[in-house]
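Just below is one structure, and these are the notes that go with it.
The values are calculated or read from the model by the stated rules, or taken from the named source; none is laboratory data. Here the structure is a predicted model, which is why all the values come from computation and not from measurement. Cβ atoms come from the backbone with ideal geometry, glycine included; neighbour counts cover every protein chain shown.
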Amino acid sequence: MARTKFFRVAVEGPTIDGRNIERKHLEQMAASYDPATYTARLNVEHLRGYSPNPPFNAYGSIAEVKTEEITLNIGGKDQKKLALYASFDVNDQAKQLTADDQKIFSSVEIQPNFAQTNKAYLVGLALTDSPASLATEALKFSARDDAKKDHLLAVDDAGFIMEFADAGSSDEELKQAGSFLKKLFSGMMAGGSETVITPAPAPAAPPVPVDQFAQLASAMEQGFTKLTELQASVAAKQDARIAALSQELSGLKGDLEKAPVRKFTARPAATGGGDRILADC
């Protein structure tokens, strides 16, 4: 994990989608944020997946939060605004995103009444290409971990610049430096004879990560295939039921046509008795 510098992640006032970020919420988040109380994690487009696999897993954590006054030009006029800044602990996946110029802006997730305190807390942050807040700063995370210096600009192989905070040297780096100095001074103490120092082999290049969004597209394609197969199966069963019902109706019709028809003879009309004719009414 690499600790970054502070980036501006939100500014008080109206957002581009019609909402409003309150100044007091920014102040409360800066005053109350503590990873030991609740650690805000980084995600993509506010989507949190259940799987630890890309692309909807976590990309790091928010380490520190602070506020600063800035001057922002809005509608041709300079206005004083309170801005929220955050420092992150990011993983290699987040670095690869910015190296590919993807999801380079931030979108804060604010809980206005955190744990029934009636105070706002920063509970998460999304990496996005369409931030809602004005003046959010583009995030650039270096793809290298071997140039960590206190407030020193480190240019990485991809050609962009990222400012890291001091993360210290690892034990292995210290051992290598000590071994180098020991060989150097041993050569000097031996009467100035030439000492050949073999540099440590360069670390192997990290494997090229699999395209995360290609994996998502493949999963969606498999889902659509299964849905199509299910629809075909349901249609086949329905066609079979209709065919069976049609066959039963045809059989019943045949049975009715073969049944004997009874013939009835009409009873003669009753016209009275003897020599009298009664009216038929």
Worksheet item: Of all the residues that make up the range 89-108, how many are in a strand (DSSP E or B) and either among the small types (G, A, S) or in contact with a Phe, Trp or Tyr (Cβ under 8 Å, 6 or more places away or on another chain) (or both)?
Response: 3
Discussion item. Quick check on the range 59-72. Is at least one of its residues surrounded by 14 or more Cβ atoms within 10 Å (Cβ to Cβ), over 21 Å from the mean Cα position of the chain (by Cα) and of a type in the set (F, W, Y)?
Written reply: no
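With H25, H46 as the choices, which residue is in the same structural domain as Q102 (by TED's automatic domain parsing) and within 18 Å of S130 (Cα to Cα)?
Criteria check complete, one pass: H46.
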Discussion item. Taking the condition of being hydrophobic (A, V, I, L, M, F, W, C) and assigned to a strand (DSSP E or B), how many residues in the range 29-88 meet it?
Written reply: 14
Worksheet item: Taking into account only those residues within the range 1-37 that are over 19 Å from S107 (Cβ atoms) and within 21 Å of the chain's Cα centre (by Cα), which is surrounded by the most Cβ atoms within 10 Å (Cβ to Cβ)?
Response: A2
Practice prompt. Tell me which of these K95 doesn't satisfy, since it passes every other one: (1) surrounded by fewer than 22 Cβ atoms within 10 Å (Cβ to Cβ); (2) of a type in the set (D, E, K, R); (3) out of contact with any Ser or Thr (no Cβ under 6 Å at 6 or more places or on another chain).
Written response: (1)
